[in-house]
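Working notes, beginning with the structure itself.
Computed from the coordinates by the stated procedures, all read-outs in this text should not be read as laboratory data. Remember, predicted model here, so these are calculated numbers, not experimental data. Cβ coordinates were reconstructed from backbone atoms using ideal geometry, including for glycine residues, and neighbour counts include every protein chain displayed.
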Amino acid sequence: MTQENSSNKVSRRHFLKGSTLLGAAALTSFGESFVHAASSDELRVGLLGCGGRGTGAAFNILEADPHAKIVTLGDAFEDQLSNSLRNLKKSFEDRVDVPADRQFVGLDAYKEVVKNCDVVLLASPPGFRPMQIEAAVEAGVHIFAEKPFATDAPGLRRALEASKKAKAKNLTLVSGFCYRYEAAKIATFEQIFNGAIGDIVALQCTYNAGTLWHRGRQDQWTDLEWQMRNWLYFAWLSGDHVVEQSCHSLDKLLWAMGDVAPSRVTASGGRIQRTDAKYGDIYDHFNSALEWDNGIRGFHSCRQLGGSDTNVSDFILGTKGQAAIMAHRISGATDWRFEGENENMYVSEMRALSRAIRENETINDGQRACESTLTALMVRNSAYTGKVVTREQMLNSQVDLMPKSLEWGPLEVRPVPIPGMPSAYLDPAKGLL
Ligand SMILES: NC(=O)c1ccc[n+]([C@@H]2O[C@H](COP(=O)([O-])OP(=O)(O)OC[C@H]3O[C@@H](n4cnc5c(N)ncnc54)[C@H](O)[C@@H]3O)[C@@H](O)[C@H]2O)c1
């Protein structure tokens, strides 16, 4: 359906917005058709977490949907919000309407942002994602939620529950596992599902990256602000880089495996370059073996090491050949390469989001996004503890990484976990926590 056609259909939330503007009396007198004719096609977008990806996602939805308008912004920090607003306005002056009373700063910004839009883009550090998805579902707004969906099992359970509620409320929930929306990847997986490589026997993925940004420390920053500004390096905020970044690669393996996390994971890892205290409590490399009940195994490695070769690739190996997912290529009994148009996947995912809302064809990525996040958590916890981690153990883990109180003050950094030693993740006497 084209954009013009889709604009005739108005989502329930949009309909309610039109109703509010008209007032109850007008609604009673003129009925639904009047409201449809009078309400505009505008999709009111809120952005929560105005950093690099969040601002990028706002640009992407403005590109994907000509009737989308950014109407509210929220961020923990005022400077981040102002920068984002300035950048968005530079390119889309007429489609960014965020007066001061729809700019929300602080840790409770999410509560206000979701009250002021039809669809919210959630792009803060992932530790906050579960509470933000919950609030968006409660407020009845459609959601784009960046990956990963949580950084610990209690958060994952909340995100999963909220995703189910979103489905029950007919709210669209698109996840930031963006490869799922890329034409070339979709076509490559279609080849696999149509038998081009035969039966899957094994999988392999690699996310070897270099070093990432570090934002230092300013004198006036409290511990909490310092950790939040440098969120990549604290497991409660990022989940560690295997959860924050390499979840993309694990997500592609799960795509091939029907979106079910493996039954068991055995992983190892550590930190050999990023040993300074400024790098918080995370590792810089992981290796893991994933096992599903049907006997298929997956092999995964990831690292963030300077001066080392980088490589992001995934392979699905079958009885008749193999698929190179990032190269969009099948070789073996079938020789195939994707040759179609491949739009920027970040725009494609926003196109899907907008279409689903406008045509009332709900998308809900919650379950599969949670399975991919769960897999990454299994890898992390197995490496941190030196133990085999089963799906059930991870799903039911009571390790709650969120600080007891989120006050702008002192906040200790958890010790870097050493496999086999007591940590927040393992009591050697009791086993996995
Ligand atoms: N899908 C992808 O390819 C992709 C690429 C990059 C990042 N991401 C994801 O997007 C998210 C953000 O990453 P980024 O690179 O934009 O980081 P960033 O640091 O540039 O932006 C994060 C923003 O969130 C704000 N923030 C922190 N805590 C907040 C809170 N409690 N409430 C509201 N705002 C808060 C920060 O101040 C900052 O402006 C992460 O989950 C990351 O994994 C996804």
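Below are the figures for this structure:
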| read-out | value |
| --- | --- |
| For the chain, Kirkwood radius (reciprocal of mean inverse C-alpha pair distance, Å) | 22.7 |
| Proxy reagent accessibility, fewest Cβ within 10 Å first, across Asp309, Asp427, Asp219 | Asp219, Asp309, Asp427 |
| Tensor-based shape of the range 148-190 (alpha-carbon gyration tensor, a/c under 1.5 rounded, otherwise prolate or oblate) | oblate |
| Relative contact order of the range 214-328, defined on C-alpha pairs under 8 angstrom at six or more residues apart (%) | 20 |
| Degrees separating the helix 129-139 axis from the principal Cα axis of the chain, which is the longest one | 30 |
| For the range 42-94: rounded, prolate or oblate by the Cα gyration tensor [a/c cutoff 1.5] | prolate |
| Crossing angle, helix 183-193 versus the chain [Cα axis fit, 0-90 degrees, rounded to tens] | 50 |
| Length-normalised contact order of the range 293-417 in % [C-alpha pairs under 8 Å, at least 6 apart] | 9 |
| Whole-number percent relative contact order across the chain, with pairs defined as alpha carbons under 8 Å at least 6 apart | 19 |
| Tilt relative to the chain, helix 78-92 - C-alpha long axis, 0 to 90 degrees, to 10 | 60 |
| Sorted largest first, extent of the range 318-403 alpha carbons per principal axis (Å) | 46, 42, 20 |
| All lysines inside 30 Å of Lys111 as judged from Cα atoms, apart from same-chain residues fewer than 8 positions distant | Lys9, Lys17, Lys69, Lys89, Lys90, Lys147, Lys164, Lys165, Lys167, Lys169, Lys404 |
| Fewest-first sequence of Lys69, Lys252, Lys111 by Cβ atoms within 10 Å of each Cβ | Lys111, Lys69, Lys252 |
| Order of His214, His142, His248 - criterion: other Cβ atoms within 10 Å of each residue's Cβ, fewest first | His214, His248, His142 |
| Spatially proximal lysines relative to Lys387 (Cα-Cα < 20 Å; intrachain offsets below 8 disregarded) | Lys430 |
